[in-house]
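The values are calculated or read from the model by the stated rules, or taken from the named source; none is laboratory data. For clarity, every value in this text was computed on a predicted model and none was experimentally measured. Cβ placement follows ideal geometry from the backbone for every residue including glycine, while neighbour counts extend to all protein chains displayed. Just the protein is used for accessible areas: all its heavy atoms, side chains included, with ligands, DNA and RNA removed. Shrake-Rupley method; radii C 1.70, N 1.55, O 1.52, S 1.80 Å.
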Amino acid sequence: MLRHMAQDRLLTGTFPAGSFPVVTGAGEEVVITTSPATLGHLAITSRTGAAGNVVQVDNEAFNGVIHVIDIVL
């Protein structure tokens, strides 16, 4: 489960264009890639090569923000 969590509160409106690293709760670095050509498109790639698309963004929860992805990393 820690591979699916980050310490920071990450809202899509604050993501830089292109690719940027994020450290998960398990200490693994994943890369988030934004695609301006497809407005709102986000992809996540782990160091193991698993990649997924974010299918729902910015779901506010009492303890953070949830972004739903289409695979298990």
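How much of the accessible area of the chain, in percent, comes from carbon and sulfur atoms when a 1.4 Å probe is used? Mind showing how you got there, number by number?
Working: 2820 of 4870 Å².
Roughly 58 percent of what the probe reaches on the chain is carbon or sulfur.
Per residue, the chain exposes 67 Å² of solvent-accessible protein surface, assessed with a 1.4 angstrom probe and all protein chains in place. Labels on offer are (i) 47, 27, 26; (ii) 31, 31, 20; (iii) 39, 23, 11, and the one holding Cα extents along the principal axes in Å computed from this structure is (ii). Amide H of L10: which non-local residues (sequence gap of 5 or more, or other chain) have their own amide H closer than 5 Å, using H built in the peptide plane? Sorted by chain and number, the residues that satisfy this are V65.
Neighbours of G27 by Cβ distance under 15 Å: Lys/Arg scored +1, Asp/Glu scored -1, total -1. Residues in the stretch 21-32 carry Karplus couplings, in order, of x, 9, 8, 7, x, 8, x, 7, 8, 10, 10, 9 Hz; the curve used is 6.51 cos²θ - 1.76 cosθ + 1.60 with θ = phi - 60°, and Gly or Pro positions show x. Take every Cα pair under 8 Å whose residues are at least 6 apart in sequence, average their separation, divide by the length of the chain, and the relative contact order is 23 percent.
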